[in-house]
Amino acid sequence: MFSMATGSFRAALSAAFCLAVISACLIVGTGRPAGAAPQTQAPTHVCGTPLPPGPIVEPPQIDMSSQPLNDLGWNELILRVNRSGDRFCYTYALDGNEQNVAPVIRVRPGERFAVRIVDELDGPASGATMAASALPACKPMSMPDVPVRTYTGYMNHTIDARTMPMRDIDANIHFHGFEGPSSQDDVFVSALSTPEHACEYELTVPVTQPPGTYFYHPHAHGMADDEVSGGLAGIWIVEPSTPQIASSDDHAIVLRYRVPFVLDNGFLPEAGALARAGGKKEATRAASAPVPFDPFDPPPWPTTVPVRGAQERLNACGSRPSVEFSVDGVDPPAELTVPSGQTQLLRVLNANADSIVYLRMRDAAGNTIPLRIVGRDGIPVGGDDAHPLAQFLSLNEYPLVPADRIDVLLTLQPGQAVTLYAAPHCTGPADEFKIPANLLVVRAGAPAEHPNVVASSPLQVDRAPATQLVRYAASHPALVRRRALTYTEYALPRPSGHGYYGAYFVTETSNPNFNEHPYWPHFAKGAQAPPPDIVVKRGTIEEWYLYNTTLEVHSFHLHQAPFVVEDGAGAPMFADTVFLPFGSLLPNSKDPDYPLVKPSLTRVLIDFRNVPRGTFVFHCHMLFHEDRGMMGIIRVV
């Protein structure tokens with residue numbers, strides 16, 4: 001809902017037009033007006049500058065097995081978190097030189113490695129140079145003492161609302177897609193919890209971890225949106241036991257926001273009055289008895305912000321601009337020249353914090369070229385971990401949500417060129433207006449001396465592991481527990497009484513006594529994990545019905561466990577992040593300005609039979625939404 005934000009990233013959007021639902025024309029944490037110049041450090045450009053359109057410069061590659069051993073015997077990479085204005089970066093040493101582009105980290109099943117995160121956002125930290133054995137254990141991030149304000153929400157259930165101060169000062173790391181214990185991939189901890197401002201992560205890649213493309217990024221609550229938007233994001237790769245393609249034909253294609261931020265259009269009207277109207281209505285809404293409903297077939301419910309006012313109206317396909325992208329740090333259209341006749345592997349990551357990319361490919365004549373997808377979110381579509389490129393799913397378009405990855409095979413003939421581009425698409429009245437943009441032009445160069453064409457065939461859908469899990473669940477319904485999770489959002493009054501803010505929730509509505517509340521973990525004295533919202537028994541299978549009641553797209557990401565997406569994408573596929581379409585508008589005779597929303601439904605199957613016990617999170621991976629509450633806690637027991 002009008003995801004205009006606070007902090008350095010969203011100031012760029014607020015400069016174009018200030019939506020009261022989120023920014024209220026004030027940048028929280030800095031006290032500066034929306035649109036004012038962001039506070040910056042000295043212009044040392046420690047985090048680099050944008051590159052003009054031209055050939056991509058792929059990120060540095062780090063094989064963790066070749067990294068120096070720390071004093072505890074772990075191959076270790078030390079990543080220092082730094083900032084230059086709106087640009088964030090990891091700085092680290094590689095072959096004697098300091099780097100500031102997030103590296104591609106390569107590991108193998110069964111391998112153990114260590115990554116140290118050092119928070120230098122407020123200056124140099126001693127944790128960067130200390131022995132690993134001398135570092136104290138990081139503690140959970142403390143949540144601020146903010147009073148709860150109560151409102152009436154979805155189906156007249158209670159909203160317990162809190163506002164999270166947004167300050168880009170803390171850091172940690174999340175290995176997105178990691179299937180090992182959550183204690184190794186601990187997103188609750190804070191680098192600022194120790195005087196050394198450093199957290200040591202020691203991970204052992206499960207021997208069952210599928211070979212493919214994964215994602216790492218910060219997960220400090222209230223800060224992830226700005227930090228990822230500014231560049232703190234990279235790829236980690238799990239290699240197969242036997243290489244499938246030459247390293248020179250293996251390409252990391254990272255889509256990020258361009259920094260300094262540039263809006264992709266300036267013609268959309270200001271819609272702040274609609275947000276203010278929604279906030280005023282919510283503030284004065286009387287409490288009512290909860291409405292009985294079937295959580296697996298919910299009725300339409302009124303939108304929380306009007307779609308029209310005296311002077312304003314939401315556009316059917318988007319009411320706010322987006323920010324221009326970069327491709328491996330290069331302003332698009334970026335270029336990549338490859339040997340003709342030689343199969344290439346494009347590992348495409350959407351490292352934007354909030355913007356979906358409807359990815360398509362065309363030839364020089366404008367004809368659509370299908371994307372041959374061999375892996376999604378790190379998992380081979382054919383389920384063959386020994387031969388992850390052996391099968392592909394052919395799609396004309398793929399909705400690449402933030403944090404999503406696809407591995408694409410491509411073989412060009414002499415003289416051929418193709419363009420990967422962001423296609424126009426309708427993402428909902430309260431979402432971004434999508435303007436098409438060319439991202440990457442791949443051209444065939446001279447032929448390879450010894451061409452290597454990877455043998456890959458169309459996916460045998462009936463034999464794919466994802467299809468088999470769907471079939472098993474359908475034939476054993478008594479063994480599958482269903483849950484309904486519902487995405488909602490509101491404009492709520494600020495505690496100060498001045499303006500409104502965007503409140504975002506994901507709630508288990510199959511719990512008859514649900515109430516909507518933001519992610520707000522509480523840690524008992526000495527505890528490393530907070531109480532959960534959902535408890536699951538290890539060894540079970542669950543089917544989650546994900547309902548989006550809002551007028552913008554969302555996504556669903558679950559830590560530690562992949563799931564099967566049952567709806568969309570041409571065939572069931574394993575994933576760790578999935579796109580949730582916006583709801584459909586229906587007339588509301590009682591209040592025409594607040595039409596009814598029929599929620600969209602996306603179903604996922606989650607196999608908890610091999611998920612390690614522990615406490616972790618699920619959330620929308622539009623990080624603006626996550627930072628503002630759209631996240632829950634799950635415990636596997």
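Mind giving me the nanometre distance, one decimal, between the label points for Leu69 and His498, set 7 Å out from Cα along Cα→Cβ?
5.9
Only bridges with both residues in segment 48-168 count here: give the DSSP antiparallel percent, nearest 5.
Working: 13 of 22 bridges.
Counting only bridges with both partners in segment 48-168, antiparallel ones make up about 60 percent.
Modelled label-to-label distance, Arg482 and Ser584, 7 Å Cα→beta-carbon offset: nm?
1.9
Residue separation times 0.36 nm, minus the C-alpha to C-alpha distance between Ala287 and Asn156: what's the value?
Gain in length upon complete extension: 46.4 nm.
Once ligands and nucleic acids are excluded and a 1.4 Å probe is used, how much of Cys199 is accessible, expressed in Å² to the nearest 10?
Rounded to the nearest 10, the figure is 0 Å².
Counting only the backbone N, which residues of segment 114-142 are under 15 Å from the spot 7 Å out from the Cα of Phe523 toward its beta-carbon?
Counting only backbone N, you get 136-142.
If you take the square roots of the eigenvalues of the alpha-carbon gyration tensor of segment 425-542 and sort them as a ≥ b ≥ c, do you get rounded (a/c under 1.5), prolate (a/b over b/c) or oblate?
Oblate is the answer for segment 425-542, as a/c is 1.5 or above yet b/c matches or exceeds a/b.
Ranked highest first by average number of other Cβ atoms within 10 Å, how do 186-198, 400-412 line up?
On the way: 186-198: 21.5, 400-412: 23.9.
Output ranking for 186-198, 400-412: 400-412, 186-198.
Express the accessible area of segment 324-414 per residue in Å², computed with a 1.4 Å probe while the remaining protein chains stay in the model.
On the way: 2460 Å² over 91 residues.
For segment 324-414, the per-residue accessible area is 27 Å².
How many nm is it between the label spots at Asp591 and Lys537, if each spot is 7 Å from the Cα in line with the beta carbon?
4.2
For every other residue with a beta carbon closer than 12 angstrom to the beta carbon of Asp186, add +1 if it is Lys or Arg and -1 if Asp or Glu, then tell me the sum.
After counting each charged neighbour, the total is -2.
Taking amide H positions as placed 1.01 Å from N in the peptide plane, with prolines and chain starts having none, which residues 5 or more places from Gly382, or on another chain, fall under 5 Å of its amide H?
The answer is Gln391.
Which value, in debye to the nearest 20, gives the size of the charge dipole of the chain about its Cα centre, when Lys and Arg are +1 and Asp and Glu are -1 at the Cβ?
Details: 46 positive and 64 negative charges, 306 e Å.
Value, rounded to 20: 1460 debye.
Could you size up the charge dipole of segment 586-637 around its Cα centre, putting +1 on the beta carbon of Lys and Arg and -1 on that of Asp and Glu, and report it in debye to the nearest 20?
Working: 7 positive and 5 negative charges, 65 e Å.
It works out to roughly 320 debye.
Nearest-5 percent of antiparallel DSSP beta bridges in the chain?
70
Using modelled backbone amide H atoms (1.01 Å from N, in-plane), which distant-in-sequence or interchain residues come within less than 5 Å of Arg116's amide H?
Amide H neighbours of Arg116: Leu77, Ile78, Leu79, Tyr201.
For Ile369, put the label point 7 Å out on the Cα→Cβ axis and report which residues of segment 394-423 keep their amide N under 18 Å from it.
Under 18 Å, as judged by backbone N against the label point of Ile369, lie 394-398, 406-423 of segment 394-423.
Name the lysines eligible as straight-distance cross-link partners of Lys598: C-alpha to C-alpha under 29 Å, and not fewer than 8 places from it in the same chain.
Hits, sequence-local ones excluded: Lys280, Lys281, Lys434, Lys590.
Please give every one of the lysines within straight-line cross-link reach of Lys139, meaning a C-alpha to C-alpha distance under 18 Å, and leave out same-chain neighbours fewer than 8 residues apart.
Within the straight-line limit of under 18 Å, Lys139 reaches these lysines: Lys525.
The values are calculated or read from the model by the stated rules, or taken from the named source; none is laboratory data. Predicted model only: the values in this text are computed from it and were never measured. Methodologically, a virtual Cβ is constructed for each residue, glycine included, from the backbone with ideal geometry; neighbour enumeration extends over all protein chains shown. SASA here: full protein model, heavy atoms, side chains in, ligands and nucleic acids out. Shrake-Rupley method; radii C 1.70, N 1.55, O 1.52, S 1.80 Å.
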